[in-house]
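The structure under discussion appears below in the form of structure tokens.
The values are calculated or read from the model by the stated rules, or taken from the named source; none is laboratory data. Predicted, not measured: the structure shown is a model, and the values here were computed from it. Reconstructed Cβ throughout: ideal geometry from the backbone, glycine too, with neighbour counts over all protein chains shown. Note: areas computed on protein heavy atoms with side chains; ligands, DNA, RNA excluded. Shrake-Rupley method; radii C 1.70, N 1.55, O 1.52, S 1.80 Å.
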Amino acid sequence: MSAAFEAEGLVKRFGATTALDGVDLRAERGTVLGVLGPNGAGKTTAIRVLATLLRPDAGRATVDGVDVGRDPVAARRRIGLTGQYATVDEDLTGVENLVLFGRLLDLPTPEARARATRLLDRFGLADAGGRRASTYSGGMRRRLDLAASLVGSPSVLFLDEPTTGLDPGRREELWQTIRSLADDGTTVLLTTQYLEEADALADEITVIDGGRVIAHDTPAGLKQQVGGQTVVVRPRDPGQVGTAAVVVARATGQDVAPPRGGAVTASVDDERVFAAVVRGLEDADVAVTELALRLPGLDEVFFALTDGHRTTPREEP
């Protein structure tokens, strides 16, 4: 299967700062690629190169088979871009914003209006289409901004931290929209600071730190790379935590972490050990409210891969 977009060996410097140091990115058609990294890791710079807004100092990138350096105009016709903050004109109505984008893309006015109507309906904004964007909630503005990026019917959509500043409810609304876009065949590159967002949306994840790719895999694959599984036991009776700890230690042959919140946890190298834990709890007559075998969370993966770094030097001066 050919890639919807691909970057090979991207290098970009801003004075003494190297924002990208040989970055490779690739996504198949109709998938979501999540790009994670600390602040300043190079995520936004990579998107700006792919979106033809920056020329790399080295390396190459293609979108839908078009070289973004050699033919940026053709590449732009295949791209939709939504940045970290909504860019709609608050003095215009929802309809007027989308028609404006359509006219900037050389669409005839009737076609621009038709697309605006369809997109407002798709994003649940039909009833608000005649209102100024200044009256929209934050979630509505983000949806309008995303709709604007789709006026040109792009095959590839770049989303740079699109849910920044949204409350959890509005974030979930936008997640549903992104899922539907991918289901309809749009390829999405998503940068995000929210690890649960990447876990929920991405088919594959690339982790960037210091301008370099330090890991790439599916969310489950990344979790496997960082460590094995963990068994979690929470006795119904808090007084049986000690008994549960003995059972888990015996079954796993591992040291048991000090109980936290009434739960006992231990690393598991062999998932078959879980059955031994279940049998041991039954034999010890320990009733539980939680009994699970878990992979590491994506937050654990992130901090393990980046050594816990939360920030690095800024991408640009």
Within region 135-164, residues farther than 22 Å from Tyr194 by Cα and not small (Gly, Ala, Ser) come out as Thr135, Tyr136, Leu150, Val151, Pro154
If only one of Arg171, Arg132 is of a type in the set (Lys, Arg) and over 20 Å from Leu201 (Cβ atoms), which one is it? Arg132
Scanning region 66-114 for residues that are open to solvent by 80 Å² or more (accessible area, probe 1.4 Å) and within 28 Å of the chain's Cα centre (by Cα) gives Val73, Arg76, Arg77, Tyr85, Thr87
Failed item, numbered, when Glu8 is tested on (1) open to solvent by 50 Å² or more (accessible area, probe 1.4 Å); (2) farther than 13 Å from Val213 by Cβ; (3) assigned to a strand (DSSP E or B): (2)
So which of Ala245, Ala251 is farther than 18 Å from Asp299 by Cβ, crowded, with 20+ Cβ neighbours inside 10 Å, among the aliphatic types (A, V, I, L, M) and out of contact with any Ser or Thr (no Cβ under 6 Å at 6 or more places or on another chain)? Ala251
Looking only at region 269-288, how many residues end up being open to solvent by 90 Å² or more (accessible area, probe 1.4 Å) and more than 31 Å from the chain's Cα centre (by Cα)? 5
Only one of these is under 30 Å from Leu195 (Cα atoms) and without any contact (Cβ under 8 Å) to a residue 40 or more places away in the chain: Thr265, Thr230, Thr289. Name it. Thr265
Using the structure shown, decide if Ala182 is open to solvent by less than 20 Å² (accessible area, probe 1.4 Å) and farther than 22 Å from Glu8 by Cα. yes
If we keep only residues of region 210-241 that are of a type in the set (D, E, K, R) and outside any helix (DSSP H, G or I), then the residue least open to solvent (accessible area, probe 1.4 Å) is Asp217
Take Ala257 and tell me if it is over 21 Å from Ala41 (Cβ atoms) and crowded, with 16+ Cβ neighbours inside 10 Å. no
Tell me, yes or no, whether region 36-44 has at least one residue that is of a type outside the set (Gly, Ala, Ser), over 13 Å from Leu189 (Cβ atoms) and either open to solvent by 20 Å² or more (accessible area, probe 1.4 Å) or in contact (Cβ under 8 Å) with a residue 40 or more places away in the chain (or both). yes
